[in-house]
Every structure is written in structure tokens, then in C-alpha cells.
Amino acid sequence: MPLEGKVVVIAGVADPAAAETARLLAKAGARLVLMDPSADTGHRLTLELNTGNHGIAVFLPGNPADLGDMAAAVAEARTSWGGCDLVVAPTVR
């Protein structure tokens, strides 16, 4: 399924499954906003995804369990990429 031009927020990218989801979506052509409490992890994944791809991902530190942080990530998607088509977030228990 080609995702060229689609914008996706992915929260909790320190989780290996979320990070792999980000990689797969990037390969499919999506633009990404990555979010995680760990700035180090988020910045590393953002750099990995942007290398050779001319800036397809941005990182915003935040807690996926915090609705304000999630709203900020969606707002960042709108600012950076002009919209938000999908939000991928872990289940909060």
C-alpha cells in the first residue's frame, strides 16, 4: 500500500515494534512525526530515517499517555507536513 504523501504520527518509538513501524512507513513514502519521552532514542531514529531521504521525519519529545503531548504531536504534523492522516500510539494501561 503506497503511502506517498501521507502524514503519520508515531508515538512511543523507543518500543521496537513502533520503531519498525516507522521504518516501514518511511519506506512506503509516508512523512512522519515521531514522539517518545526519550529524546536520545527519538533523535537517533529520526536521523536514521532522514539519512538519504531528505528529511521525511521530525521528532517531538513527549509522553504518549499525555493527551496534551499527543495533541502537540498532531499539531507538529500539521505544521511540518500540512496535515495528519494517521496516529499510531501504544495502548495506555
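For segment 42-62, which residues satisfy the criterion of being crowded, with 17+ Cβ neighbours inside 10 Å and of a type in the set (S, T, N, Q)?
Correct list: Thr46 only.
Given the options Ala65, Ala89, name the one that is among the small types (Gly, Ala, Ser) and either crowded, with 17+ Cβ neighbours inside 10 Å or without any contact (Cβ under 8 Å) to a residue 40 or more places away in the chain (or both).
Values: Ala89 fails: either crowded, with 17+ Cβ neighbours inside 10 Å or without any contact (Cβ under 8 Å) to a residue 40 or more places away in the chain (or both).
That would be Ala65, the only listed residue that is among the small types (Gly, Ala, Ser) and either crowded, with 17+ Cβ neighbours inside 10 Å or without any contact (Cβ under 8 Å) to a residue 40 or more places away in the chain (or both).
May I ask you to say which residue of Leu24, Leu32 is under 12 Å from the mean Cα position of the chain (by Cα), of a type in the set (A, V, I, L, M) and buried (at least 16 other Cβ atoms within 10 Å of the Cβ)?
Details: Leu24 fails: buried (at least 16 other Cβ atoms within 10 Å of the Cβ).
Step by step, each of Leu24, Leu32 is checked, and only Leu32 is under 12 Å from the mean Cα position of the chain (by Cα), of a type in the set (A, V, I, L, M) and buried (at least 16 other Cβ atoms within 10 Å of the Cβ).
Could you list all residues from segment 48-78 that are more than 19 Å from Ala26 (Cβ to Cβ) and among the β-branched types (Val, Ile, Thr)?
Passing the criteria: none in range.
Which of the residues spanning segment 77-90 are of a type in the set (A, V, I, L, M) and in a loop (DSSP other than H, G, I, E, B)? Before the answer, list the steps.
In the first step, residues of segment 77-90 are kept if they are of a type in the set (A, V, I, L, M); the result is 77, 86-89.
If the condition is that a residue be of a type in the set (A, V, I, L, M) and in a loop (DSSP other than H, G, I, E, B), then Ala89 is the only one that fits.
Each reported figure results from applying straightforward, stated rules to the coordinates on display, with no laboratory input. Please read these numbers as outputs of a predicted model, since none were measured by experiment. Here Cβ is always computed from backbone atoms with ideal geometry, including for glycine, and neighbour counts include all displayed protein chains.
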